[in-house]
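What follows is a short report on a single structure.
Bear in mind that the values in this text are calculations on the coordinates, not laboratory data. On a predicted model such as this, the values are computed, not experimentally measured, just so you know. Ideal geometry is used to build each Cβ from the backbone, glycine not excepted, and the neighbour counts take in all protein chains shown.
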Ligand code: ATP
């Protein structure tokens, strides 16, 4: 089994996530891509206003519903935060000892990769696959590795979809439509729970 591991906060998931996951899956001939919502990203510890993890999980499941080879894994939600990718990959390897893992990340994440926990071990547990984002070519990005550190990686071509969760949250706050940017089932959950409206903090962790 060739498995893509696609981590993120997914607050909320949007069409960019779905399109790049499908493109990477096809190009890398992956059997499955696991979306892995973070309990708390190590880079967002202490941040307020992040939507409750179970609700982000629900939205992520809604985003991939009906897509045969995309699924959502709650592995990070069942572990105490912060959600380190190396711990997730170790656990996935224990659960699926014969699988081959491919860690999918956008060029923006690659730019901070040198600061992630145990990057050498991440590179040993999974093939690191970087996807262009906002026209940013992965080879133009400096991951900021410590001197002497070398971690093998590759890039993969995906369609360019310039959308971010930040933009979605801002559009909701401003009363603008998000219908073309977020799968319909996710739009329903956002409205049902009145997410991303400035005054509401009821659904945040
Ligand atoms: P935010 O705006 O809140 O930072 P985001 O849109 O970057 O959110 P995340 O959940 O942080 O979404 O992203 C999860 C993963 O998906 C990351 O590896 C990120 O680089 C990648 N990603 C998100 N949107 C895109 C996109 N439009 N094109 C390519 N990669 C993307």
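Where a ≥ b ≥ c are the square roots of the eigenvalues of the C-alpha gyration tensor, would you call segment 2-163 rounded, which needs a/c under 1.5, or, failing that, prolate if a/b is larger than b/c, or oblate? Judged from the Cα gyration tensor, segment 2-163 comes out rounded (a/c under 1.5).
With R₀ set to 22 Å, the beta-carbon distance separating residue 173 from residue 112 gives a calculated FRET efficiency near 0.25.
Using only the alpha-carbon atoms, how far is helix 15-28 inclined from the longest principal axis of the chain? Give it as 0 to 90 degrees, nearest 10. The helix 15-28 is inclined about 30 degrees to the chain. Per 0.36 nm of contour for each residue apart, how much would the distance between residue 157 and residue 74 grow if the chain were fully extended, relative to their Cα-Cα spacing? Once the chain is fully extended between residue 157 and residue 74, it gains 27.2 nm.
Gain on full extension, evaluated as 0.36 nm per residue between residue 2 and residue 50 minus their Cα-Cα distance, stands at 14.1 nm. Taking the longest Cα principal axis of the chain as reference, the axis of helix 53-64 is set at about 80 degrees. Mean separation of Cα pairs under 8 Å and 6 or more residues apart, divided by the residue count, gives the chain a relative contact order of 27 percent. Dividing the summed -39500 (n - 2.57) terms of all DSSP H runs of n ≥ 4 by the residue count of the chain sets its mean residue ellipticity at 222 nm at -9500 deg cm²/dmol. Peptides 149-156, 162-169 ranked from most to least packed give 162-169, 149-156, packing being the mean of other C-beta atoms within 10 angstrom over each peptide's residues.
Note on residue 124 and residue 90: the extension gain reaches 11.2 nm, defined as 0.36 nm multiplied by sequence separation minus the Cα-Cα distance. Run the paramagnetic zone check for residue 142: 7 angstrom along Cα to Cβ, then residues of segment 94-119 with backbone nitrogen under 11 Å. The answer is none, because no backbone nitrogen lies closer than 11 Å to the label point. Using alpha-carbon positions, what is the distance between the centroids of segment 1-39 and segment 127-186, in Å? Using only Cα atoms to place each centre, the spacing works out to 11 Å. In degrees from 0 to 90, rounded to the nearest 10, what is the angle of the helix 165-174 Cα long axis to the longest principal axis of the chain? The helix 165-174 is inclined about 10 degrees to the chain.
Round to the nearest 0.05 the FRET efficiency obtained for residue 23 and residue 198 when R0 = 30 Å and r is the Cβ-Cβ distance. For R0 = 30 Å, the calculated efficiency reads 0.30.
Listed peptides 82-92, 48-58, 188-198, 10-20 appear in the order 10-20, 82-92, 48-58, 188-198 once ranked by packing, highest mean of other Cβ atoms within 10 Å at the front. If you sort the three axes of the alpha carbon gyration tensor as a ≥ b ≥ c, you get a/c of 1.5 or more for segment 1-69 and a/b above b/c, which makes it prolate.
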